[in-house]
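Some notes on the structure that comes next.
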Protein chains: 2
Amino acid sequence: MSDTLTAVEIEDVAQYMRDVGGRARAAARRIAVAEPGAKNAALLELAERIVSQRERIIAANQRDMTAGRAAGLDAALLDRLELTDARIEAMADGVRQIAGLADPVGAISDLAARPSGIQVGRMRVPLGVIGIIYESRPNVTADAAALCLKAGNAVILRGGSEAIHSNQAIAALIGESLEAAGLPATAVQVVETTDRTAVRHLLTMPEFVDVIVPRGGKGLVAFVAEHARVPVIKHLDGICHVYIDAAADADKAVAVAVNAKTQRLGTCNTLETLLIARSRAAELLPRLAQAYRDAGIELRGCEAARAIVDDMLPATDEDWATEYLDAILSIRVVDDVDAAMDHIARYSSGHTESILTEDLGTARRFIREVDSSSVMVNASTRFADGFEYGLGAEIGISTDKIHARGPVGLEGLTSQKYVVYGDGHCRY
Amino acid sequence: MSDTLTAVEIEDVAQYMRDVGGRARAAARRIAVAEPGAKNAALLELAERIVSQRERIIAANQRDMTAGRAAGLDAALLDRLELTDARIEAMADGVRQIAGLADPVGAISDLAARPSGIQVGRMRVPLGVIGIIYESRPNVTADAAALCLKAGNAVILRGGSEAIHSNQAIAALIGESLEAAGLPATAVQVVETTDRTAVRHLLTMPEFVDVIVPRGGKGLVAFVAEHARVPVIKHLDGICHVYIDAAADADKAVAVAVNAKTQRLGTCNTLETLLIARSRAAELLPRLAQAYRDAGIELRGCEAARAIVDDMLPATDEDWATEYLDAILSIRVVDDVDAAMDHIARYSSGHTESILTEDLGTARRFIREVDSSSVMVNASTRFADGFEYGLGAEIGISTDKIHARGPVGLEGLTSQKYVVYGDGHCRY
């Protein structure tokens, strides 16, 4: 792991990436069979070093900040890029939490005897080499590497070019921590060139990379999905819905619908479209509108909603298909749960939907029929999160259906192989 | 479902495939929530019709056979294409067996309360629309459709052009059976054009297709993997190994190593390279060679093996990397279990490997460290099969690590979503 804290000038990027891949593949074989104690020792060492060597991280981060200001990065991007003392503490805490999780590797489940006499079970095993492609937040370097390592995987990290020095500084600490625990430093590598073709190579090396996890905005994720020749665990939009059913409890409905939108505006599990049963609209929309107004939320409604609350803007088809990530909410009055589920089937991004109802049959239908990664009854969409679900940590939230769906923790970074025990058994 | 039993001339294949995809997506929503009883009724109806209307299937199959002979298809291909009475009975039996399996859809697992008060669990749900691309065997049409339906999925089947009439006849029976059970016939569609561009479209419609399962030779699978823009559950090679350890029991070792190669030659779980510890080679290789010779197996050995059994041909690096699917076996003498695992890491296709040993520590290391979809102790590689593992049926054997690994049954054709139950819970 280089500690030069400078992007490397590389002539042959393809060969460089193949070298990175080859080292990752070799390290993956060692990290896959590392004892839980050794992995945890490396992670606790890393947490310790992040704190004790914070000056080293901050110095590198300041280089990125200076270059970022000179390049005219906007304030939001600079904010995401900056590593403060508090953020460095949080980074170390996150790594410590991951060290404390149960080790998933090697667990055998479903072991059962078969009529032939063999015993068949499934053993949880690492995926191998995971490529993480992310944007400006340098804390992802520590978080993602720690989670992948805990699950027994090698990692290739490709962060945003604006964070290259911060990422290299953190990666150097990871490498040193791995070595201190007797594990290969090459189990975590940061791509040390800002050359954009490096990403294309990373996406197209199935011989070296088993899965890619993009973490960033829609543009990045779409690019990765389009160009990857290896499996991708990805999260596209979070167009989340709350449906207030005819049989909803008024107070719960208002509390949950307001919490889902206002508790945090810019997260993927934030409510973007509120659906409400026609029979409850006149009663509840004025209360809801008042609460949203108090929280500074702009409302855009269908015609029926605007007939009840007249200061809403009109919502268009485009509103139903938009993830605002902002202080805007679209509201639609629907006939019943079927109409709500039809709307969700058409416009949802498959992230998280919640129904407010006291009717058991309606709740069961919604839970069963809505095809999203999280489906809720009488709970805020804001709960759709690896920590809230008890995964301990998450690498992201998958809106795919294959392999991992919803918040992805250690289990999503592993696979299961079959194990078979016989005593000289042959097949006839 | 057309019953015209003739390939359709289609001008705009892209539009045709989008229409097929749109119908599949619509049908998927209905089949996903179908009652287990309705799905089973459709499958039992199908089994009954396959038998009672066998003349209809055989007539269509004869059209394919006649065209195939005229086109000069080789004997092996014509054999795979032909539907005999026995094969039709077996097809019906397979469908009946699938009807008898437990319905995976809707099962909730791991439901637990979280500190926030919400309850979080995971519900097994269908994947949605599955595209199956296969070659000449028309029985795949019934098998694959039945398994996908049982798991609550809609299916688009694209079989080999040489089997188009057989496939259409079987698909017509499936459609009629679905309708008889009150389910949408469009839940199973056979692509009714032999235009090759149809496959390209099927591989690149993520809005309509959730996963592709290619079933066929290496060329087909590689083509699908290269061009798909949706996830693929695939099986490439089966270069399977048996390693006879220093601590192997001689009789078990000979029995298993011979069974793994000779019980069936052309299957993906057949042994292709035998590894043997140097300390046991002089004792066991002559016995093994005799048994293999008796079974008509050609042996290709490393130098050390040929020094013991002198009528082996020399094995080259290419032999270690070859899936013979034939009466040929390569044999290599290795120092110990580490050398065996190094050989496997380098040459295995990640399908199935088995160790023969009575030593617990060595067995544990092999099981843990070998990175293949099935890893066995003292058992024939021929057991790597969905039926032997108790899955009831299989859509194929995955050599990928993502989503499904090893034999893929109903569970591999489903996913899990998170379900959350609250009582007005908000996040703070």
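Which residue, of A:Leu44, A:Leu78, is touching a helix residue (DSSP H, G or I) at 6+ places or on another chain (Cβ under 9 Å), under 26 Å from A:Asn153 (Cβ atoms), without any contact (Cβ under 8 Å) to a residue 60 or more places away in the chain and in a helix (DSSP H, G or I)? Talk me through it step by step, then tell me what you get.
Working: A:Leu78 fails: under 26 Å from A:Asn153 (Cβ atoms).
Within the list A:Leu44, A:Leu78, the selection yields A:Leu44.
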Problem - Residues of segment B:265-274 classified as in contact with a helix residue (DSSP H, G or I) (Cβ under 7 Å, 6 or more places away or on another chain) and open to solvent by 40 Å² or more (accessible area, probe 1.4 Å), total - result: 0
Exercise for the section: Check B:Val211 against each of (1) in contact with a helix residue (DSSP H, G or I) (Cβ under 6 Å, 6 or more places away or on another chain); (2) within 15 Å of B:Arg158 (Cα to Cα); (3) crowded, with 23+ Cβ neighbours inside 10 Å and name the one condition it does not meet. Expected result: (1)
Exercise for the section: With the checklist (1) under 27 Å from B:Ala404 (Cα atoms); (2) buried (at least 23 other Cβ atoms within 10 Å of the Cβ) in hand, flag the one item A:His227 doesn't pass. Expected result: (2)
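Could you check, for segment B:313-326, whether at least one of its residues is within 14 Å of chain A (Cβ to nearest Cβ) and over 30 Å from A:Glu35 (Cβ atoms)?
Within segment B:313-326, the first condition is being within 14 Å of chain A (Cβ to nearest Cβ), and the residues that meet it are B:321.
Still in the running and over 30 Å from A:Glu35 (Cβ atoms): B:321.
Among the residues of segment B:313-326, at least one is within 14 Å of chain A (Cβ to nearest Cβ) and over 30 Å from A:Glu35 (Cβ atoms), which makes the answer yes.
Among the residues of segment B:360-369, which ones are open to solvent by 30 Å² or more (accessible area, probe 1.4 Å) and in contact with a helix residue (DSSP H, G or I) (Cβ under 8 Å, 6 or more places away or on another chain)?
From segment B:360-369, those open to solvent by 30 Å² or more (accessible area, probe 1.4 Å) are B:360-361, B:364-365, B:368-369; that's our starting set.
The answer is B:Arg365, B:Glu369.
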Problem - Residues (out of contact with any Cys (no Cβ under 9 Å at 6 or more places or on another chain) and either crowded, with 18+ Cβ neighbours inside 10 Å or not assigned by TED's automatic domain parsing to the domain that holds B:Ile297 (or both)) located in segment B:237-249 - result: B:Ile239, B:His241, B:Val242, B:Tyr243, B:Ile244, B:Asp245, B:Ala247, B:Ala248
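When the residues of segment A:343-380 are narrowed to those that are of a type outside the set (A, V, I, L, M) and more than 27 Å from the chain's Cα centre (by Cα), which ends up nearest to B:Leu111 (Cα to Cα)? Outline the logic, then answer.
Here is the first cut: in segment A:343-380, the residues of a type outside the set (A, V, I, L, M) are A:343, A:346-354, A:357-359, A:361-362, A:364-366, A:368-369, A:371-374, A:378, A:380.
This time we only want the ones that are more than 27 Å from the chain's Cα centre (by Cα), so: A:357-359, A:361-362, A:364-365.
Details: A:Thr357: 20, A:Glu358: 20, A:Asp359: 20, A:Gly361: 19, A:Thr362: 20, A:Arg364: 15, A:Arg365: 18 Å.
Applying the filter and picking the extreme gives A:Arg364.
If the requirement is being over 23 Å from the mean Cα position of the chain (by Cα) and under 26 Å from A:Thr193 (Cβ atoms), which of these qualifies: A:Arg29, A:Arg80?
Working: A:Arg80 fails: over 23 Å from the mean Cα position of the chain (by Cα).
Unique residue meeting the criteria: A:Arg29.
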Practice task
Kindly indicate which of B:Ala289, B:Ala281, B:Ala305, B:Ala277 is at pLDDT 95 or above, touching an Asp or Glu at 6+ places or on another chain (Cβ under 7 Å) and crowded, with 18+ Cβ neighbours inside 10 Å.
Solution key: B:Ala277
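Per-residue answers, yes or no, for (1) of a type in the set (Ser, Thr, Tyr); (2) under 30 Å from B:Asp326 (Cβ atoms); (3) open to solvent by 40 Å² or more (accessible area, probe 1.4 Å):
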residue	(1), (2), (3)
B:Asp19	no, no, yes
B:Ala26	no, no, yes
B:Ala41	no, no, yes
B:Leu46	no, no, no
B:Ile50	no, no, no
B:Ala60	no, no, no
B:Ala70	no, yes, yes
Practice task
Could you grab me the full set of residues in segment A:332-359 that are without any contact (Cβ under 8 Å) to a residue 60 or more places away in the chain, assigned to a loop (DSSP other than H, G, I, E, B) and either facing chain B (nearest Cβ under 7 Å) or buried (at least 19 other Cβ atoms within 10 Å of the Cβ) (or both)?
Solution key: A:Gly350
Practice task
Looking only at segment B:250-263, decide whether some residue is open to solvent by 20 Å² or more (accessible area, probe 1.4 Å) and either more than 14 Å from chain A (Cβ to nearest Cβ) or under 30 Å from B:Phe223 (Cβ atoms) (or both).
Solution key: no
Problem - Complete set of residues in segment B:370-384 that are under 17 Å from A:Gly128 (Cα atoms) and open to solvent by less than 10 Å² (accessible area, probe 1.4 Å) - result: B:Val370, B:Ser372, B:Ser373, B:Ser374, B:Val375
Problem - Filtered residue count, segment B:110-124, keeping only those that are at pLDDT 95 or above and either out of contact with any helix residue (DSSP H, G or I) (no Cβ under 9 Å at 6 or more places or on another chain) or closer than 29 Å to B:Leu220 by Cα (or both) - result: 8
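Name the one entry in A:Leu183, A:Leu220 that is over 27 Å from A:Gln416 (Cβ atoms), assigned by TED's automatic domain parsing to the domain that holds A:Ala92 and open to solvent by 10 Å² or more (accessible area, probe 1.4 Å). Walk me through how you get there before you give the answer.
Values: A:Leu183 fails: over 27 Å from A:Gln416 (Cβ atoms).
None of the others qualify; the one that does is A:Leu220.
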Practice task
Just need a number here: residues in segment B:399-423 that are in contact with a Lys or Arg (Cβ under 8 Å, 6 or more places away or on another chain) and either farther than 17 Å from B:Val125 by Cβ or at the interface with another protein chain (Cβ under 7 Å from one of its Cβ atoms) (or both).
Solution key: 10
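Can you name the residue in segment B:388-428 that is aromatic (Phe, Trp, Tyr) and either in contact with a strand residue (DSSP E or B) (Cβ under 6 Å, 6 or more places away or on another chain) or assigned by TED's automatic domain parsing to the domain that holds B:Ala246 (or both) and, of all such residues, is surrounded by the fewest Cβ atoms within 10 Å (Cβ to Cβ)? Talk me through it step by step, then tell me what you get.
From segment B:388-428, those aromatic (Phe, Trp, Tyr) are B:389, B:418, B:421, B:428; that's our starting set.
Restricting the remaining residues to those that are either in contact with a strand residue (DSSP E or B) (Cβ under 6 Å, 6 or more places away or on another chain) or assigned by TED's automatic domain parsing to the domain that holds B:Ala246 (or both) gives B:389, B:418, B:421.
Working: B:Tyr389: 24, B:Tyr418: 22, B:Tyr421: 18.
That would be B:Tyr421.
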Practice task
Considering only segment A:116-143, state which residues are in contact with a His (Cβ under 7 Å, 6 or more places away or on another chain) and among the aliphatic types (A, V, I, L, M).
Solution key: A:Ile118
Fill in the blank from the handout: Those residues of segment A:393-412 that are under 12 Å from the mean Cα position of the chain (by Cα) and not in a loop (DSSP other than H, G, I, E, B) come to a total of 7
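Answer with yes or no whether B:Leu83 is away from chain A (no Cβ under 14 Å), buried (at least 20 other Cβ atoms within 10 Å of the Cβ), in contact with a Lys or Arg (Cβ under 9 Å, 6 or more places away or on another chain) and not in a helix (DSSP H, G or I).
Against the criterion (away from chain A (no Cβ under 14 Å), buried (at least 20 other Cβ atoms within 10 Å of the Cβ), in contact with a Lys or Arg (Cβ under 9 Å, 6 or more places away or on another chain) and not in a helix (DSSP H, G or I)), B:Leu83 qualifies.
Looking at A:Thr322, A:Thr362, can you tell me which residue is in a helix (DSSP H, G or I), touching a residue at least 40 places away in the same chain (Cβ under 8 Å) and within 30 Å of B:Val120 (Cα to Cα)? Show your work before the answer.
Numbers: A:Thr322 fails: in a helix (DSSP H, G or I).
Among A:Thr322, A:Thr362, only A:Thr362 is in a helix (DSSP H, G or I), touching a residue at least 40 places away in the same chain (Cβ under 8 Å) and within 30 Å of B:Val120 (Cα to Cα).
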Exercise for the section: Find all pairs meeting these conditions: Cβ atoms under 8 angstrom apart; at least six residues apart or on different chains; first residue within segment B:372-386 and free of Cβ contacts under 8 Å to residues at least 60 places away in the same chain and more than 7 Å from chain A (Cβ to nearest Cβ); second residue surrounded by fewer than 24 Cβ atoms within 10 Å (Cβ to Cβ) and not in a strand (DSSP E or B). Expected result: B:Gly386/B:Gly392; B:Gly386/B:Ala393; B:Gly386/B:Glu394
Handout entry: The lone exception for A:Arg114 - which of (1) open to solvent by 10 Å² or more (accessible area, probe 1.4 Å); (2) more than 14 Å from every other protein chain (Cβ to nearest Cβ); (3) among the basic types (Lys, Arg) it fails
Key = (2)
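The values are calculated or read from the model by the stated rules, or taken from the named source; none is laboratory data. This is a predicted model, so every value here is computed, not measured. Counting neighbours? That spans all protein chains shown, and the Cβs are built from the backbone with ideal geometry, glycine included. Please note that ligands, DNA and RNA were not included when accessible areas were found on the heavy atoms of the full protein model with its side chains. Shrake-Rupley method; radii C 1.70, N 1.55, O 1.52, S 1.80 Å.
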